[in-house]
Amino acid sequence: MAEYGPGLRRFFSRRAGPNDADDLVQEVFLRLQARAEGDPVENVEGYLFKIARNVLISRIREQHAFGGGQVDQLDDDFVSLDDLSPERILIGKQALESALVAILGLPPRARAAFLFHRFDNMTYQAIAGRMGISKESVKELMQRAIDRLSEELEYGRGS
């Protein structure tokens, strides 16, 4: 975190503003931690900034979905809507379908916890109460779900 945190903060400050930078950096490291038990990453910096890009895109989508304020103009390193060719749209649809199939293939309890957290924005504590399990059990279910989805989606890309 000490090595890559400042660079990530600069990345987010330029794109999302300095007020959100620390939260976004934290999200990057949380996502990295969720993947920590998988295969070792060869290019850590490249992988971190790939996660950072995904975190930023998720934040922007979230702001638009919930009627957030004006979003800062994205730099040219992001694809604009005008650049979406039919081929890119098809690739996106196929990726979405693969993700949905992978999510539906999760064990029922892991799938439920994953959907509650990622799609209903429920906290682990709220999920635990709803499912009648401990918060630690929710963490374990989420970790299993994320690991399995990572495996499924990486395998599906031919990696």
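Taking the convex hull of the alpha carbon positions in segment 81-156 and averaging its projected area over all directions gives 5.8 nm². Ranking of 135, 93 by neighbouring Cβ atoms within 10 Å, starting from the fewest: 93, 135.
Taking the fewest neighbouring Cβ atoms within 10 Å as the starting point, the ordered list for 55, 138 is 55, 138.
Backbone amide hydrogens, once placed in the peptide plane, bring residue 122 within less than 5 Å of 117, excluding anything fewer than 5 places away on its chain.
Just so you know, all these numbers are worked out from the coordinates, no wet-lab data involved. Treat the numbers as computed from the prediction; the structure is a model and nothing was measured. Note that we place each Cβ from the backbone using ideal geometry, even for glycine, and neighbour counts take in every protein chain shown.
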